[in-house]
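Before any comments, here is the structure.
Readers should treat all values here as calculations from the given coordinates under stated rules, not as data from a laboratory. A quick note: this is a predicted structure, and the numbers were derived from the prediction, not measured. Positions of Cβ are backbone-derived with ideal geometry, glycine not excepted, and every protein chain shown enters the neighbour counts.
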Amino acid sequence: LTVIPTFGGQSEEMQQSFNSMLMALTLAVFLVYLVMASQFESLLQPLLILFSVPLAGVGSIYGLYFFGSN
């Protein structure tokens, strides 16, 4: 009986969880895009809105850092 030492366990579980979360996030963004595209009756406007949300988040974090807030 030979035991081969390998690294894994918790890190493998964490990697699988991150992959599942990435898949869920991708699906959620796609479904939100579909709903917004049907409401706006445009393919470009929802894309611009979804693109501006991460930029607003980065800008707000930079603003908090710039003004010394937590």
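From the Cα gyration tensor of the chain, with a ≥ b ≥ c the square roots of its eigenvalues, which class applies: rounded if a/c is under 1.5, or else prolate if a/b is larger than b/c, or else oblate?
The shape class here is oblate.
For the chain, take the longest principal axis of its alpha carbons; what is the angle in degrees between that and the long axis of helix 44-66, to the nearest 10 within 0 to 90?
70
Pull out the extension gain between GLN16 and TYR65, defined as 0.36 nm times the separation in residues minus the alpha carbon to alpha carbon distance; nm, one decimal.
14.3 nm
If you take the square roots of the eigenvalues of the alpha-carbon gyration tensor of the range 31-70 and sort them as a ≥ b ≥ c, do you get rounded (a/c under 1.5), prolate (a/b over b/c) or oblate?
Verdict is prolate for the range 31-70.
Within the range 12-70, report the chymotrypsin sites (Phe, Trp or Tyr not before Pro) that DSSP leaves as loop and that have at most 13 other Cβ atoms within 10 Å.
Here the chymotrypsin sites (Phe, Trp or Tyr not before Pro) that fit, given the DSSP loop and packing criteria, are PHE67.
Roughly how tilted is helix 10-40, in degrees to the nearest 10 and between 0 and 90, from the longest Cα axis of the chain?
For helix 10-40, the angle is close to 20 degrees.
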